[in-house]
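Heads up: the structure comes next, in structure tokens.
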Amino acid sequence: MKKVLIILVVLVVLIAGYYWATYNRLVNANEAVTNQWAQVETQYQRRFDLIPNLVESVKGMMAQEQKVFGDLADARTRYSGAATADEKAVAATEVEGALSRLLVVMENYPDLKSSENVTTLMAQLEGTENRISVERKRYNDQVQNFNVVIKRFPTNIVAGQLGYSQKSYFEAADEAATAPKVDLQN
């Protein structure tokens, strides 16, 4: 009787220990994803801080391109209003589309490219775009690690009980595969 009780206590301790360790591993993996998304957002914020300066610099030199400026402002507003990482990713892709249209427009205005202010802002924006790309990759790596952890047996049982579910990868929008077209005649 005493041996059975000892065996039961040992089993309960082992199961509780496993559950505890699994819970902590899930919390760590989830926080890694959250932290990495914050890094992506930090770079988005840097981009959003640079865009108004670039737009204002360009605006003075080409007042007829108001639609591009409006699209950029609208996309930034949608990003600010987005609540989830998925909504923010979609809004960020809209910003990228509007920004790429602005860059195409700028290519058609040689005076803009020679402006020191515009050149400096473009260099900063290019660096920010590279940082965003790196942080997105790191985010997707963390999402992959998290998703693998919660799919593995027996962790998947504990993850399901605790309400953990798969995270979404950051994926480029379908429109990103198509180069923007700018019609300067309208």
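The values are calculated or read from the model by the stated rules, or taken from the named source; none is laboratory data. Fair warning: this is a prediction, and the values are worked out from it, not measured in the lab. No Cβ is skipped: glycine too gets one built from the backbone with ideal geometry, and neighbour counts run over all protein chains shown.
Tabulated data
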{"item": "Complete set of residues in region 63-84 that are touching a helix residue (DSSP H, G or I) at 6+ places or on another chain (Cβ under 7 Å), modelled with pLDDT under 80 and surrounded by fewer than 19 Cβ atoms within 10 Å (Cβ to Cβ)", "result": "ASP71"}
{"item": "Number of the exception - VAL10 against (1) under 18 Å from ALA89 (Cβ atoms); (2) modelled with pLDDT of 90 or more; (3) of a type in the set (Val, Ile, Thr)", "result": "(1)"}
{"item": "Whichever residue in region 19-34 is touching a residue at least 12 places away in the same chain (Cβ under 8 Å) and out of contact with any Ser or Thr (no Cβ under 9 Å at 6 or more places or on another chain) and, among such residues, is farthest from ALA98 (Cα to Cα)", "result": "TYR19"}
{"item": "Residue match in region 119-134 (condition: more than 21 Å from LEU102 (Cβ to Cβ) and modelled with pLDDT of 80 or more)", "result": "yes"}
{"item": "Matching entry among ALA91, ALA98 (being within 22 Å of VAL134 (Cα to Cα), in contact with a Pro (Cβ under 9 Å, 6 or more places away or on another chain) and at pLDDT 75 or above)", "result": "ALA98"}
{"item": "Filter result (part of a loop (DSSP other than H, G, I, E, B) and surrounded by fewer than 18 Cβ atoms within 10 Å (Cβ to Cβ)) within region 135-170", "result": "ARG152, PHE153, PRO154, GLY163, SER165, GLN166, SER168, TYR169"}
{"item": "Region 1-37, residues that are exposed (fewer than 12 other Cβ atoms within 10 Å of the Cβ), under 32 Å from the mean Cα position of the chain (by Cα) and hydrophobic (A, V, I, L, M, F, W, C)", "result": "TRP20"}
